[in-house]
Amino acid sequence: MSLELKVNSVPIELGGTMNTRILEEGDFRKTGPLRRLFTSLPLGQTLYQANNCQLECFDDDFSIYPCTHGYLNRDRQWETKAAVYLEGGRVRKLEFQVVNGHYAASNFFERFQEACSAALGEPVESSRFLTRWKNGTAVVTCTLHPDMVNADFLMELIEN
């Protein structure tokens, strides 16, 4: 599955090796011991996180970005978060979130579904709040929370 993922212009390939210095240059920070405890990180995985970042995928045809402009009303602002999970120096999964996006979460959810369907074909699972595509050793899932103001976009490598 060729997702052509980039976060803050850092190319991220599922299953590919990742130079942590490049992640840090893209504003990712390695989580500390306390945060790792609260995220239930599997043994052997390392987590890097970034706030208010931009996701680009499908040869830059689709992007998700933050909007934190102070001159806008709170319901017109939203934040983004990204998490890259490494295992043995390889990218295990990428999780991207739209947070507190009163209008943006559902908009990005719908647009991501359209972009994935165009690039990956029909989903293997689809409902009002969740859509999933599977291709080879990768699974792409987008979830709109029932509060309609938060959305998750998960790309992960799976074992056969």
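Taken together, the values in this text are just the output of simple stated rules run on the coordinates, not laboratory data. This structure is a prediction, so every number in the text was calculated from the model and none was measured. Note: ideal-geometry Cβ built from the backbone for every residue, glycine included; neighbour counts use all protein chains shown.
Structure values in brief
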item	result
Coil-residue GluC sites (Glu not before Pro) of region 61-160, DSSP, other Cβ within 10 Å capped at 11	E159
Taking the chain and dividing mean pair separation by its residue count, relative contact order in percent (alpha carbons under 8 Å, at least six apart)	20 percent
At R0 = 25 Å, FRET efficiency that the Cβ-Cβ distance of L130 and T20 yields, to 0.05	0.20
Scaled radius of gyration (Cα, divided by 2.2 N^0.38 Å) that region 15-72 gives	1.41
FRET efficiency, R90 to Q113 (Cβ-Cβ, R0 30 Å, nearest 0.05)	0.60
Dimensions in Å of region 5-157 - Rg and Dmax from alpha carbons	15.3, 45
